[in-house]
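Values in this text are rule-based calculations from the coordinates and carry no lab data. Keep in mind that what you see is a predicted model, and the values were worked out from it rather than measured. Note: ideal-geometry Cβ built from the backbone for every residue, glycine included; neighbour counts use all protein chains shown.
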Amino acid sequence: MTTQAVHSGRAQNLASSSRQRLLRGALPAVSLVIVLAAIWYFNPRAISYFGLNLMLNLAIPVALATIAQMCVMATNELDLSIGAFVGFVACVTATYMPQEPLLAVLMLGGGVLVYMLAAVVIHLRNVPSIVVTLGLSFFWAGLAVLIRPIPGGAAPGFLRDLMSFQPPLIPMPVLLAVLIAGTVHLILMRSSYGAVLRGVGGNARAVHRAGWSILKAKVAMFALASVFGILAGMTLVGVSSSADANMATGYTLLSIAGAVIGGAEFVGGRISPIGAVIGALVLQLASSALNFFQVPFLPGGRIPQEWQVGAQGMFLILILAARVLISKAEK
Amino acid sequence: MTAPTGTAIELSGVSRSFGAVRALSDVNLLIAEGQCLGLVGHNGAGKSTLMHVLAGTLRPDQGRIAVGGEQHDRISVHLAQKLGLRCVFQELSLCPNLTVAENTRILHPSIKGLGWRQKAGKLISAMLDRIFPGHDIASDTVVSDLSIGRRQMVEIARAFTVSEGVLRLVILDEPTSSLDATTARQLLEFVREEVRTGVSCILISHMLGEILDYSDQISVMKNGQLVAFGPVAQFTRERLVDLMSGGEHPDRAARERSIRSLADAPVAVRAQEGGQGLPFVARKGEVIGLAGLSGHGQTEFLVRVFEAARARRADVTVAGDVSFVAGDRQADGIFPLWSIANNVAVGSLPALRNGLLLSGSKERELSSRWGRIMGIKAPSLDDEILSLSGGNQQKALFARALSTSSAVVLMDDPMRGVDIGTKLEVYDIIAEQAAGGRTFLWYTTEFEELEYCDRVYVFQNGRIVGELQGQDITEAGVIGSSFKDKDAA
């Protein structure tokens, strides 16, 4: 073989692996388009300003929780407490924020500190994050029940106004989703310290050898996760205008699923903020989509409500299968 | 005492121990400004430890390090960066999930703010162009998309990039191991060019030709000590091999074992490499040593033999069962939550059955018998395995392998970190067992252990490159076979 041939062979290898990455990166977006197309096929009126507003309203808290989960996943850890934490934040927000805003802010600040402390324990004592965050999930759930033994409370005015604001042309949830995805992309994917933060997930020893503190990086990522968890809880109250201690328990698994659909991996620091937000939207739409599907042989021609969770699972499996197929086809 | 001008780094009396093992003992080393120091030595000679001390990833127990005339008790990772000490480690230190430019930025805290990507990309591309002209690595490629060789190129180039401060010393640990001949030469030529600008370089390699051709000074390490140091002209290939092996052992003749005539014994293991490399034969009752530099395919060979005993393979045939003694106790040896007795008996479960269930009495009988034979020192065999010292844990692993009925015992450098007393006891048991007809395949990184072997195969790059027998099993013989240059091999 001539040198030329060797070189072009190399170039092809390189091109194929970056094409594979491109395809994998496009997968969340493609799934979103498919779900939207399916909804449009059964009910064209759903794809409208008000339709999207209704269907995606609850997707914003899920997207924020997914971003929080993704921050933790970027350091090769997992946060099993995010659902309980969002519930705790929602209870604090609905109970204290309207009348005693200072107390509420202090309590939420305490939440950030606990997250940072968890990172310290996980890193220094080498405790699996699953254990620490599982324990914390009971801590948050307990606090939430103490604060709000029965469902109720009220959304602070500014949150209610924010979540029900109707900008011209583009529905608010879509606008917020773009804003969240863009901001986090800037912080984690484009900033210079973001590269270090993601490097910790990729090869912590290499980052350490270059003179960076792994502890600081992990604490920063957990702090960032708690901030997005707080935003998730607050927007959730803004949408539902009251709180309940168990209102977000499902968010833990939804956030993991959303991040994974969006292209994140459990180890190796591979994350995608834009993908994660899209993943959360896909999961949310997938359950709404079932309401529109016409299935002639079922009673009433509709898929029963109880199947919605199953539908989310199906989407997850389909998308992950597609991802594996892409990786295999290119090898 | 002030360092003479022109000294980049001076180590004085640096020592470092790991448990009972002295990895570095009283090392004095002077690295001159603008020179390339070739560092050679066999496995465990202390090269890596020395390197980690300079990189700040290991704290020396004693000694002082002077960098540019300034004394330091220890160097932290942060200080090493500040002083301009860079290391290219053998195991790669890039983040696979980041691009080439992002990996470069991680080494340079000063590259930040708007346009940091372009700055880092330009920096690394310029250096790659200088060292490896004609390379095809784009700075926005994600590292996991690059081949191992290209990752090595990126890491080497990154070590030479400067954004602020000075670059004083670059340590290259086996830098050419995953480069092809052309890029390896480009790198070594670049090193010569770079030292002319005043940067110092430590080149660690087992390609003695590279060391002799591209260094100004050479130092040879053995057992954590510097055994020779001088300008390159004082050394030849033969002298380096001699120095690394430290001459012959005086007690060798006394220990010379009767060369047992096993040539007629039935073959226990036979392996044939595809085309290259020598064939491997082990006969019943033989103790076969697998030697060579660590990580050159010995463990993989043992695993292949192990698999061949369960599922037929074309290239390896094994007569009878095999058992395996792991060297990395924690990773693939002990069950840390089990008792000593359970850990011993788990290798022989089929023989301990009573109907469908395990027989507790048979299990106790087996483990106490072998605990006695191996001399495991424990108040009770029902104690947790982790209550034992490292040496006794290893004895339990030997007991697990030897208590089976297997005809072939594979040993993957089993004496790592084991005290000498235990070693001598185990050597005797191995000799006894071999006399009883068992075959041992023994991968070891310690020369002394090869002397307990009937024959030795030397591995290089996954192939068998030498076979030594009886009198010929010497340190020099093994080193001579394992330090062959790429083109010579």
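The figures follow:
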| item | result |
| --- | --- |
| Column: log10 I(q)/I(0), Debye, Cα scatterers of region A:57-289, q = 0.10, 0.11, 0.18 Å⁻¹ | -0.43, -0.52, -1.32 |
| Peptides ranked, highest mean first, by Cβ atoms within 10 Å: ranges B:167-173, B:180-186 | B:167-173, B:180-186 |
| Cβ-derived FRET efficiency at R0 22 Å, A:PHE139 paired with A:GLN99, nearest 0.05 | 0.30 |
| Under-5 Å amide H pairs with B:VAL227, H placed in peptide plane, nonlocal only | B:VAL220, B:MET221, B:LYS222 |
| Residue-span extension gain [B:GLU446 to B:SER17] - 0.36 nm each, minus C-alpha spacing | 152.7 nm |
| Ordering of B:424-437, A:25-38 by burial proxy (mean other Cβ atoms within 10 Å per residue, highest first) | A:25-38, B:424-437 |
| From phi via Karplus (6.51, -1.76, 1.60), per-residue ³J(HN,Hα) for region B:353-358 in Hz, x at Gly/Pro | 7, 10, x, 8, 9, 7 |
| Estimated FRET transfer efficiency (A:ILE187, A:ARG125; beta-carbon r; R0 30 Å; 0.05) | 0.60 |
| Peptide B:95-104, shielding by other chains (average Cβ, 10 Å cutoff) | 6 |
| 13 Å beta-carbon shell around B:ASP382, net charge (K/R +1, D/E -1) | -2 |
| Neighbourhood net charge (15 Å Cβ-Cβ; Lys/Arg +1, Asp/Glu -1) for B:ALA407 | +3 |
| Inter-chain shielding of A:195-201 (mean C-beta neighbours from other protein chains, 10 Å cut-off) | 6 |
| Region A:57-289 - percent relative contact order, Cα under 8 Å, separation 6 or more | 43 percent |
| Shielding by partners - mean other protein chain Cβ count within 10 Å, residues of A:206-217 | 6 |
| Formal net charge of residues neighbouring B:GLY46 (Cβ-Cβ distance under 12 Å; K, R +1; D, E -1) | +3 |
| For region A:200-272 and region B:173-204, distance of Cα centres in Å | 42 Å |
| FRET E, pair B:GLN272, B:ASP321, Förster distance 22 Å, beta-carbon r, rounded to 0.05 | 0.55 |
| Label point distance in nm, B:ALA331-B:ASN28, each placed 7 Å from Cα along Cα→Cβ | 3.8 nm |
| Segment B:SER147-B:ALA314, length gained on full extension (0.36 nm per residue, minus Cα span) | 57.1 nm |
| Within region B:1-95, trypsin sites (Lys or Arg not before Pro) in DSSP loop having at most 15 other beta-carbon neighbours inside 10 Å | B:ARG74 |
| Cysteines in the protein assembly as shown lacking a second Cys C-beta under 4.7 Å | A:CYS71, A:CYS91, B:CYS87, B:CYS95, B:CYS453 |
| Packing-based order for A:224-231, A:52-59, B:304-311, using average beta carbon neighbours within 10 Å, highest first | A:224-231, A:52-59, B:304-311 |
